[in-house]
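Q: Structure in structure tokens, see below.
The values are calculated or read from the model by the stated rules, or taken from the named source; none is laboratory data. Note that the structure is a prediction, hence the values are computed from the model and not measured. Neighbour counts are summed over all protein chains in view; Cβ atoms, including those assigned to glycine, are modelled from backbone coordinates with ideal geometry.
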Amino acid sequence: MSPKTGLLEVIALTAADAERAQEGGADRLELVSDMASDGLTPSVETLRDVLAATDLPVRVMLRDNMSFAAGDLDGLRADAVRLIDAGAREFVLGFLDLESEIDVHACETLVKELDGLPWTFHRAIDRARDPLRAYDQLTALGCDTVLAAGHPHGVAHGLSVLQRLARRSAGPRLLVAGGLRAQQVHLLRAGGVDAFHVGSAVRPGGWESDVDVAAVREWAALVKE
């Protein structure tokens, strides 16, 4: 996709968030629960409400703890099955092992349950021993998107890694997030990034408030100009 046709993904917690994100011009949603734990698997009920409220693509989180370890893999598999039965058609997941390498076994186990559905590997890559090598592994695992800041402490610290990832001629689409600021978008777009992910940036009132339509509209214009 050309950088002129950028993608904006917005974190949604509720159906109201989904409606407001769509009204503001978002292209896709990431559906999660419990942002106090950095985003966990949402309930089936919430998924159904969100799917009824929007016709945007919805990527559903599969994560059961604050760490980037797989946790209860059988439980995550069961969650995947329940969410697919409820209508989920896109997912977000990502696991590292004790050596800070991609947990290939955990990813392959869940991807098998997804049976070809598209998925994003989330910001666990920022804590991988070698994010560039991890990106190549993820290409082999078959994800179509990698969500990254380039550094555990956010985009401001990870610009050089993001620019190197953006120059890759093949592999998953790079979706940038993590302390992303509006003034960084132009620089990232100039370097080849065309997809951006926001959460708190479109919630001036904090995570207890709904997505702000005007804020989404501003980000959508910035990403797509």
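Q: Hey, among the residues in segment 67-83 that are over 21 Å from residue 175 (Cβ atoms) and not small (Gly, Ala, Ser), which one's surrounded by the fewest Cβ atoms within 10 Å (Cβ to Cβ)? Walk me through it before giving the result.
A: Keep residues of segment 67-83 that are over 21 Å from residue 175 (Cβ atoms), which gives 67, 69-79, 81-82.
Filter again for not small (Gly, Ala, Ser), leaving 72-74, 76-77, 79, 81-82.
Numbers: 72: 11, 73: 16, 74: 9, 76: 21, 77: 15, 79: 24, 81: 12, 82: 14.
The selected residue is 74.
Q: I've got another one for you. Residue pairs, Cβ under 6 Å, 6 or more apart or interchain, first in segment 148-173 and surrounded by fewer than 19 Cβ atoms within 10 Å (Cβ to Cβ), second modelled with pLDDT under 95 and among the polar types (S, T, N, Q). List them.
A: Correct list of pairs: 171/139.
Q: Within segment 212-225, does at least one residue satisfy the condition of being out of contact with any Ser or Thr (no Cβ under 9 Å at 6 or more places or on another chain), farther than 20 Å from residue 157 by Cα, of a type in the set (Asp, Glu) and at pLDDT below 95? Can you show your working first?
A: Initial filter on segment 212-225 (out of contact with any Ser or Thr (no Cβ under 9 Å at 6 or more places or on another chain)): 212-223, 225.
Those left that are additionally farther than 20 Å from residue 157 by Cα: 212-223, 225.
Subsequent filtering for residues that are of a type in the set (Asp, Glu) retains 212, 218, 225.
Cutting the leftovers down to at pLDDT below 95 gives us 225.
The answer is yes, given that some residue of segment 212-225 is out of contact with any Ser or Thr (no Cβ under 9 Å at 6 or more places or on another chain), farther than 20 Å from residue 157 by Cα, of a type in the set (Asp, Glu) and at pLDDT below 95.
Q: Would you point out which residue out of 133, 129 is in a helix (DSSP H, G or I) and of a type outside the set (Gly, Ala, Ser)? Steps first, please.
A: Values: 129 fails: in a helix (DSSP H, G or I).
Residue meeting the stated conditions: 133.
Q: Against the definition (of a type outside the set (A, V, I, L, M, F, W, C), touching a strand residue (DSSP E or B) at 6+ places or on another chain (Cβ under 9 Å) and assigned to a loop (DSSP other than H, G, I, E, B)), how does residue 171 come out, yes or no? Outline the logic, then answer.
A: Numbers: of a type outside the set (A, V, I, L, M, F, W, C): yes; touching a strand residue (DSSP E or B) at 6+ places or on another chain (Cβ under 9 Å): yes; assigned to a loop (DSSP other than H, G, I, E, B): yes.
Yes; evaluated as a whole, the condition is true for this residue.
Q: Which of (1) at pLDDT below 95; (2) surrounded by 14 or more Cβ atoms within 10 Å (Cβ to Cβ) is the odd one out, the single condition residue 86 does not satisfy?
A: For residue 86, the exception is condition (1).
Q: Name the residue that is nearest to the chain's Cα centre (by Cα), counting only residues in segment 149-168 that are under 17 Å from residue 128 (Cα atoms) and assigned to a loop (DSSP other than H, G, I, E, B).
A: The extreme case among them is 149.
Q: Select, from 31, 93, the only residue that is in contact with a Cys (Cβ under 9 Å, 6 or more places away or on another chain), aliphatic (A, V, I, L, M) and closer than 23 Å to residue 173 by Cα. If you could, list the steps in order and put the result at the bottom.
A: Values: 31 fails: in contact with a Cys (Cβ under 9 Å, 6 or more places away or on another chain).
Checking each option against the conditions leaves just 93.
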